[in-house]
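Only one structure is covered here, and it is reproduced in the block below.
No lab work stands behind these numbers, since they all come straight from the coordinates. All of these numbers come straight from a predicted model, not from anything done at the bench. Positions of Cβ are generated from backbone atoms using ideal geometry, with glycine treated the same way; all protein chains shown enter the neighbour counts.
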Amino acid sequence: MLTNVPLYVRAPMLGAPPAGDVGDLVQLFDATVATTLDLAGVPSRHVHFARSLRPYLSNATASSWEPRDAVFAEGGYATNEPRDFEKETGHASNYWYKSHVQQTDPLSVCRAVSVRTKAWKLVYRSDPTSLDHDSELYDLANDPLELTNVYDANPEVATELKLRILDWMVLTSDVTPYSTCDRGTGKCSGEPW
């Protein structure tokens, strides 16, 4: 959940500007879904919330382009979902410790959602057995390496970012089907509504 991965793209066929550090926030799905589909000229046939990064890859960035002001990530398993934990692999496996920790300390992989803005990063962890479990908050302006967890010292910021997570989860969950599907057969037309 604590991710800050640089993205490098080479797209000379688009007349891309010289290499430079943009510094904007993007999500993994922006690159893997929306941008890939856009560059391949393939229309999306499913609901997603990714944004094509094509404006960054051409000399003329769209005047209406607004960089993201926050990015989100989620993952983990609740303690009441042991079926989803990795099975013990035995000491000979390179993955033994990882799978062993999930089995012996299930809260170490409890559900987590993070939001990152330019100024702050919140990693909110929750489980039925521990509603606010070891959550983390980092002041990225003063601690860009995320060495000091200031979650308990900044309850107002933590609450504001939790509300951002709530808005994001409401806006991106339970989407309607992209195409018309027959209730009897389950066959979908593939065409948008």
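In terms of the mean number of neighbouring beta-carbon atoms within 10 Å, the peptides 127-136, 81-90 order highest first as 127-136, 81-90.
In this rough spin-label picture, where each label sits 7 Å from Cα along the Cβ direction, the Ala141-Leu37 distance is 3.7 nm. With a Förster radius of 25 Å applied to the C-beta separation of Ala78 and Val157, the computed FRET efficiency comes to 0.45.
Around the Cα centre of region 75-182, unit charges on the Cβ atoms of Lys, Arg, Asp and Glu (plus for the first two, minus for the last two) sum to a dipole of about 240 debye. Sorted largest first, the spans of the alpha carbon positions of region 71-172 along the three principal axes are 44, 30, 22 Å.
Judged by the mean number of other Cβ atoms found within 10 Å, the most tightly packed of the peptides 45-57, 153-165 leads the ranking 45-57, 153-165.
With the cut-off at 1.5 for a/c, could you classify region 12-57 from its C-alpha gyration tensor as rounded, prolate or oblate? Because a/c hits 1.5 or more and a/b fails to exceed b/c, region 12-57 counts as oblate.
Please compute the net charge surrounding Asn154, taking Lys and Arg as +1 and Asp and Glu as -1 over other residues with Cβ under 13 Å from its Cβ. That sum, taken over residues with Cβ under 13 Å, equals -4. Each principal axis of the Cα cloud of the chain was evaluated for its coordinate range; sorted largest first, these ranges are 56, 50, 41 Å. By the Cβ distance rule of under 4.7 Å, the chain has these cysteines without a partner: Cys110. Could you name the lysines whose alpha carbon sits less than 16 Å from that of Lys121, not counting residues in the same chain fewer than 8 places away? Here the lysines satisfying the reach criterion relative to Lys121 are Lys162.
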